1. Counting only other chains, what is the mean number of Cβ atoms within 10 angstrom of the Cβ of each residue in peptide A:9-16?
2. So what is Rg over Rh here for the range A:51-142, counting just Cα atoms and using Kirkwood for Rh?
3. So for the range B:20-167, what are the equivalent ellipsoid semi-axes in whole Å, largest first, each being the square root of 5 times an eigenvalue of the Cα gyration tensor?
4. Using the Kirkwood formula on the Cα atoms of the protein assembly as shown, what hydrodynamic radius do you get, in angstrom to one decimal?
5. Is the range B:300-360 best put as rounded, prolate or oblate by its Cα gyration tensor, with a ≥ b ≥ c the root eigenvalues, rounded for a/c under 1.5, and otherwise prolate when a/b is larger than b/c, oblate when not?
6. For chain A, list the DSSP H helices whose alpha carbon atoms reach 24 Å or more along the long axis and whose average Kyte-Doolittle value is -0.5 or above?
7. Using the 10 angstrom Cβ neighbour count as an exposure proxy, how do B:Tyr40, B:Tyr302, A:Tyr65 rank, fewest first?
8. Taking R0 as 22 Å, what FRET efficiency do you get between B:Leu351 and B:Arg200 from their Cβ-Cβ distance, rounded to the nearest 0.05?
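Values in this text are rule-based calculations from the coordinates and carry no lab data. A quick note: this is a predicted structure, and the numbers were derived from the prediction, not measured. As a convention, Cβ positions derive from the backbone with ideal geometry for all residues, glycine included, and neighbour counts pool all protein chains shown.
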Amino acid sequence: MRAEDLITTNPTAEAVLESLERLPTPEPEKVEALRRRFAATHAPPTSAAWPPFLEGARMKRDTRYADAPSSHRPLVGPALVMAKRAFRLAFQPFINEAFRRQVEFNEAILDALALIHEHQRVQARTQSLWRQEVERQLEQLTSRLPSPPPGHTPEHTEEKPRPAPSRRRSR
Amino acid sequence: MANVSLWNSKRGTASSSAEAVHQLVPRLAWGDAVGNQVRYLRDLLRGWGYASEIYAEQWDEACRDEVRPARDYARDAGRDTALLVHHSFESRLVPLVAKAKGRKALLYHNVTPERFFEGSDRHVARGSRLAREELVQLREHVTHAWAYSHFSVEELSAAGYRDASVLPFAVDWNAFNVPPDAALRAQVEDGCANVLFVGRTVPSKRLEDVLRVFTAYQRLYQPRSRLLVAGTLYSTAPYDASVLALREQLGPDRVVFLGRVDAAQLSACFASATAYLSMSRHEGFGVPLLEAMYRGVPVVAYGAAAVPETMGGAGLTTLSDDPAQVAGLLAVLERDPALRARVVEAQRQRLAPLGQQAVAQRVREALTPFLEGRPPSALQPATPSVTVVCPGFDAAPDAPMSRLARAVADRLPDARLWTVRRQVMPLQLAPRKERDGATRVWRFTPDEPSFGPDRDTPPSSSLETGVRCAPGPLLFAGADEDVARRTVSRLPPGTRAAGIWAAPRAPDAAVRQALGTRLWELTPGRDLTSLAGELARELDVEGRPHAR
């Protein structure tokens, strides 16, 4: 730590640094292991964007506004579509009120799904880091084992094969 | 006595002295800093002889007897009523303030920037953004404005509040003199070094950094240590879940999330704590820091936002967020009794001017002009001069972007250059005009001493608020900076804005869309003089002759 990284009047930054220097120096392996762990657990900044699989639902969450379906019928169709549009336009305030709770419910459901997705993401990351750590420790343990003599393979064990357990019970 | 003058119909009429001084707060909570401050001011105002009530839109059940519904204020208020509006989050109370009779003033507690909640809580992020918009809207309806730190006053000034000043934060020290909970104390006083953090579990408090620092402390210096976290933690909230997951990933021993604690349990936490640790990235003031000082616990705090100001040179404020380095400070406080004693003594001296009598006197002096109906200084209309926004200018004045920004500002009459101050100081100062050669430079306080893995220019809430309220044309130099991304789509309608960017970073889609053809690229080797002239012509709407 540098003196300019500390704001303190009493004791002075220099006095604090002197005291820091008197601390026992941590073992470099521990410091390195710690830095490695911090780097591994440094989560990328969470995106403000919605998860892609929720985008479709998000676009449809507001049920208050919807265009009237088109019609292929030559004369009656456009008239019906226009009538439906006029109806929506005239009664939009009532439609808004009728669907208000539905929109709130849709938004709550979307938030809950996004939360579950986030939980899964965090959980998967934790599992992955845990597995990596276990593998690393296993590798370390394996490397510390005494190396077997040349030509020694598990197939060349002198141990006699055990007889298969008898099916006949002794009384 | 007859009215002295009519200040402004929107801001309320002025009379000689208020008969009643009420307070308006979006939510009156039990035990939080804003709620405590509101109750303290009510008692103080009643002690001075004013009728005083608290109006709120929502409240905790424990506060039911001391609050009135906000909707009743319009009916209760008269011409001689004064209203103190507390602002700390989205309130939707601006229309009520606008139509209420009597004079009004703002008490700003600061708003946690929305960037902390993006990706973790969309609703709070939206609330934070709207709260800053309300801060600008309230300006038209109040005559006076105060904040609880210079850091917050700077933002008020940037938002266009004239004569905004600091109101001393009153802490009820007697509330801390609660006997510690014996059971909890016996549980945690087992010979371990206890590191304490008190606060809500929100992203701005950076609990993940607290966990990292504590892990480093436990692994490198003190295996027999414990982290106590006092504050509500919901395993269903995304941020809280990520904190719990990080605890599993880092694997420190003895991390205790106590949840919401009562006063006796909090006393036990402080009584058994070796040190108080805060890695918070945003504080409008920071009451727990002072509480730790009062209880004789040495404080190690990251120097973001108003933290250096709250600490006032006491405790250990670090501008480094490296966990191993901060852990070293915790170890020093535990192992060096002489140094620890000096820190605790300096903290005690820091609290000396914050005694309740002294603070009450200073609060009265600050509020007197408002309470007595003295008109504020006349508003001077802001001149619509060009503002060049170059966040990195102060940190790297010789960089091509900074040289270009200076060249543009020098070419335009009355133009000013806005940047983010490089150093964090114990006491922030409102942005003031400073001369850097021929250039008028305004330096805004950064929210954090350092920012991001690449140590980019740190964000500044004051600068962002200032940009949103700038009266004249704007030039973003560069347009690839965070301040451009956050403000360009929220500028007042009709604002003339341009931008310039330099590789390897590039402006995002929203900036490109907002600026359209008024976006230039600063390529290596490009002639800065001709480009500055081109930009100056684009921004100078009145077509005045250029200085050079």
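1. Going residue by residue through A:9-16 and averaging, the value is 6.
2. Details: Rg = 24.7 Å, Rh = 17.6 Å.
Rg/Rh for the range A:51-142 comes to 1.40.
3. Details: eigenvalues 110, 67, 44 Å².
One finds semi-axes of 23, 18, 15 Å for the range B:20-167.
4. On the way: mean 1/r = 0.0342 Å⁻¹.
Kirkwood hydrodynamic radius for the protein assembly as shown: 29.3 Å.
5. Working: a/c = 4.32, a/b = 1.49, b/c = 2.91.
Oblate is the answer for the range B:300-360, as a/c is 1.5 or above yet b/c matches or exceeds a/b.
6. Details: long enough: A:76-144 (84 Å, -0.35).
Taking the DSSP H segments of chain A (at least 24 Å long, mean hydropathy at least -0.5), we get A:76-144.
7. Working: B:Tyr40 19, B:Tyr302 26, A:Tyr65 10.
Ordered from fewest to most neighbouring Cβ atoms within 10 Å, B:Tyr40, B:Tyr302, A:Tyr65 come out as A:Tyr65, B:Tyr40, B:Tyr302.
8. Values: r = 24 Å, r/R0 = 1.07.
About 0.40, to the nearest 0.05.
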